[in-house]
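Here the structure comes first, spelled out in structure tokens, and everything after it is commentary.
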């Protein structure tokens, strides 16, 4: 179990980038090349290496793969592998799953199995690489299972590094990831935590508006160094949304050390920092409930 009293922070946004059970799928090498160039990194640690790293920092973390098999055509890292990693490292790791909404009722069946038999604690969606509007009823059978267990749904928002620089953006549409599309989801699933991932450039104000209006909506601060955060994001994090902002890095693309160093100098109030670093995540994830 995670020692919530003594850990320094909970990173709610890390990626499983390398499987130990199957080879990397190089089906779309142009995406891999552009991705490494955009993020200036091609590091792909294993799940266990990530767990050991976060343990050395006295931090807990949420990890997930991204299932983009329909839109991109690349084989995903198995959700079961991520979940088994969390089972092997329960002191630091929390498993989320990713299921392409295009898998319909079969995807909903998979979600239930992952929750009941693998202990998955939430789900990650990436509208741009999965090719759907979050409010599309196609996704609702999957959402309904997740909401039945009151688990979080985490959605990528804003610009996507994936596809950046590829000819035609690889056919991926940025507009799917406008956070305003989550407004309807928050209405239809008002008791399930909904997390808007990343500073949502170029739609930061839309993200703040949805979070202000819908009390089940959170914002994670991953994907950017805090020194580049829009000023209105810091303003709301310090005031009206201080209990719904979450620490996240996008590891391995950004390390916790770099994020925390810049966080100290980004204008966040001292009394707000503990909320962002772990207290809000403890509440949202239900880690304080026995």
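The values are calculated or read from the model by the stated rules, or taken from the named source; none is laboratory data. Not measured: the values here are computed from a predicted model. Virtual Cβ from ideal backbone geometry, glycine too; neighbours counted across all protein chains shown.
Kindly indicate whether any position in the stretch 277-290 is in contact with a helix residue (DSSP H, G or I) (Cβ under 7 Å, 6 or more places away or on another chain) and more than 20 Å from residue 95 (Cβ to Cβ). No, because not a single residue in the stretch 277-290 is in contact with a helix residue (DSSP H, G or I) (Cβ under 7 Å, 6 or more places away or on another chain) and more than 20 Å from residue 95 (Cβ to Cβ). Across the stretch 193-206, which residue is farthest from residue 269 (Cα to Cα) among those that are in contact with a helix residue (DSSP H, G or I) (Cβ under 7 Å, 6 or more places away or on another chain) and part of a strand (DSSP E or B)? Selected residue: 194.
Considered as a group, the residues in the stretch 252-276 that are touching a helix residue (DSSP H, G or I) at 6+ places or on another chain (Cβ under 7 Å) and not in a helix (DSSP H, G or I) include one that is surrounded by the most Cβ atoms within 10 Å (Cβ to Cβ), and that residue is 268.
Conditions (1) surrounded by 22 or more Cβ atoms within 10 Å (Cβ to Cβ); (2) assigned to a helix (DSSP H, G or I), marked per residue:
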residue: 139; (1), (2): yes, yes
residue: 150; (1), (2): no, no
residue: 165; (1), (2): no, no
residue: 168; (1), (2): no, yes
residue: 186; (1), (2): yes, yes
residue: 234; (1), (2): no, yes
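Checking each residue in the stretch 253-271 for being over 21 Å from the mean Cα position of the chain (by Cα) and in contact (Cβ under 8 Å) with a residue 12 or more places away in the chain picks out 265, 266, 267, 268, 269. Among the residues making up the stretch 207-222, those that are touching a strand residue (DSSP E or B) at 6+ places or on another chain (Cβ under 9 Å) and either over 17 Å from residue 154 (Cβ atoms) or assigned to a helix (DSSP H, G or I) (or both) are 207, 208, 210, 211. Of all the numbered requirements in (1) at pLDDT below 95; (2) crowded, with 19+ Cβ neighbours inside 10 Å; (3) over 19 Å from the mean Cα position of the chain (by Cα); (4) within 23 Å of residue 195 (Cβ to Cβ), residue 31 misses one, and that requirement is (4).
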